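Everything below concerns the one structure shown next.
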Amino acid sequence: MNSLSPTLSRKHARKQTNRCADAALSACPCGGSSPCCDRYHEGTPATDPESLVRSRYSAYVKKLDAYLLDTWHPDTRPASINFDDGAKWLGLEIKKSAQESTYTATVEFVARFRIAGRAHRLHEISRFVFEDGLWFYVDGQFPNTGE
């Protein structure tokens, strides 16, 4: 079991500004309408693995490293997040979401981005666990799909 309490740490809310606040009427980076993922970034736990994928994608777009680390399972969590400053995130598509049990789930998604004018696609099947009242990202596999 992890050592986090049922509410996410508030350190990410103090350390980082909400980059959607200045564009209140714009769409959320995950594809929903603003403030779709802001509530998760501000401390409300994601209610399901798909919401966690969407909020983590938005956190990558906004470079919210503390949120990404807080929602990463401690057994597989890196020490830090290294963002590519040249990455421009273009969109998220959820392909499939499956809850295998009360405590485990997978979400398959494609995240599109551009670096130095070149388009890229991250196709991942992510694994999640539910512990202490929270969903956590564990790891992901990259299917060989010819994409």
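Listed values, structure above:
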quantity	calculated
Relative contact order [Cα under 8 Å, 6+ residues apart], region 11-141, whole percent	21 percent
Under 20 Å between alpha carbons - lysine pairs in region 11-141 that sit 8 or more apart or on different chains	6
Which of S51, S97, S58 has the fewest Cβ neighbours within 10 Å, and the rest in rising order	S97, S51, S58
Positive-end extreme of charge dipole, region 77-147 - chosen from L122, A79, T106 (charges on Cβ)	L122
Cβ-based exposure ranking for E131, E100, in which fewest neighbours within 10 Å come first	E100, E131
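Read-outs: derived from the displayed coordinates by stated rules, not from any lab. Everything numeric in this text was worked out from a predicted model, so none of it was measured. Every residue, glycine among them, receives a Cβ derived from its backbone with ideal geometry; neighbour counts consider all protein chains shown.
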